[in-house]
Amino acid sequence: MAKLLKYFVPLLFPTLLFAQDSGLYGMLDMGMQRGTLLYNYNKNTNNNNDCDNDDFDTITHRYLGAIHGRLGYQFQNGWRLGLDASLSGAGGYKNRDGDVLVVGMENLPYTFPSGVARTEFSMGLHVGYPIFQKTTDELYLYLTIRDESTSLSFIPISSVSSTTFFQLDLEGRNAIASKFSLGYRAGIFYSHKPYVYIVAFDRDHYLRFENSDSDNAVRADLKSGIWGLHGDIKLIYAASQSFDVFVKYDLMARFVPKSETVQTGVYDVLNNRSLGDVSLYTPKYFSFRSGIYLGIMF
């Protein structure tokens with residue numbers, strides 16, 4: 001497959017035909033993650049939700065698995081252009097009754113389960129600038145633009161965000177033995193205008209939003225941007241001249257602001273009655289996750 005791509009990519013970008021030292025690069029890793037989410041739960045039920053009467057609580061996610069991939073092309077001058085993609089799924093629990101990430105729903109006559117589910121998918125385009133390159137050592141500065149979709153589900157409510165992040169990373173590796181090297185990455189990411197959809201599910205005959213924007217969901221813009229930090233460290237083994245294998249430990253911290261408050265009518269599908277209007281918002285929260293992975297790179 002790699003050989004076919006090596007000849008196919010230059011046909012799409014004719015300038016690559018003259019890159020004598022250019023070639024494909026890529027990475028694929030799979031692993032397990034664990035995450036903790038600390039949220040700011042506001043007890044005030046007025047429409048402004050601006051008071052400081054806040055409690056903090058936690059959600060713990062035990063990730064079922066995660067996979068990350070990268071594929072790109074390196075030019076003769078060392079510049080890189082490629083794609084990144086990741087997919088993860090999680091199960092977890094929260095230690096407060098009620099749908100805490102959609103504040104306002106806890107007043108409805110339902111018992112919300114303590115279990116939660118999380119799915120996340122992202123894809124991005126990156127450009128890499130070589131700060132230095134040697135036979136075994138390298139250091140790159142990557143600029144990435146990526147779209148991310150995250151769903152946090154609490155039956156019968158789910159919060160779904162779709163966000164564009166701008167990401168800046170320093171990524172490198174240094175030889176530490178004849179066949180071993182140490183890889184590392186550190187970066188920051190930011191989203192300027194994030195938003196979240198609050199979704200009510202009626203497939204299980206719970207409830208429905210009466211004036212939803214689309215697909216039984218209401219949209220709430222976040223009051224400021226999302227930002228975070230991430231990094232990883234890798235122990236890399238040169239398995240052959242064509243590829244390396246590695247074990248990686250990574251971590252990420254993310255800061256998410258509170259959303260604006262939206263009002264919507266709620267209809268009880270099960271009992272065929274209106275529950276009136278509710279004021280909904282998602283509270284600000286901080287999340288931290290870490291994971292360990294096995295992978296290959298070329």
Enumeration of residues in region 228-279 that are touching a Gly at 6+ places or on another chain (Cβ under 8 Å), among the small types (G, A, S) and within 30 Å of M32 (Cβ to Cβ): G231, A253
Residue selected from region 102-118 under the condition modelled with pLDDT of 70 or more and closer than 25 Å to L64 by Cβ, by the criterion nearest to the chain's Cα centre (by Cα): R118
D221 being part of a strand (DSSP E or B), buried (at least 16 other Cβ atoms within 10 Å of the Cβ) and modelled with pLDDT of 90 or more: no
Qualifying residues in region 119-153 (those that are open to solvent by less than 20 Å² (accessible area, probe 1.4 Å) and either among the small types (G, A, S) or closer than 23 Å to M32 by Cβ (or both)) - the one modelled with the lowest pLDDT: L152
Hey, D250 acidic (D, E) and under 18 Å from the mean Cα position of the chain (by Cα) or not: yes
Check on F209, open to solvent by less than 60 Å² (accessible area, probe 1.4 Å), within 13 Å of V160 (Cα to Cα) and either at pLDDT below 90 or among the charged types (D, E, K, R) (or both): no
Residue in region 239-255 that is open to solvent by 70 Å² or more (accessible area, probe 1.4 Å) and farther than 30 Å from P130 by Cβ present: yes
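Across region 258-288, what is the total count of residues that are assigned to a loop (DSSP other than H, G, I, E, B), open to solvent by 20 Å² or more (accessible area, probe 1.4 Å) and not polar (S, T, N, Q)?
5
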Subset tally (residues that are in a strand (DSSP E or B) and modelled with pLDDT of 85 or more) for region 35-85: 16
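The values are calculated or read from the model by the stated rules, or taken from the named source; none is laboratory data. Just so it is clear, the structure is predicted and the values come from calculations on it, not from any experiment. Virtual Cβ from ideal backbone geometry, glycine too; neighbours counted across all protein chains shown. Heavy atoms of the whole protein, side chains included, go into the accessibility calculation; ligands, DNA and RNA do not. Shrake-Rupley method; radii C 1.70, N 1.55, O 1.52, S 1.80 Å.
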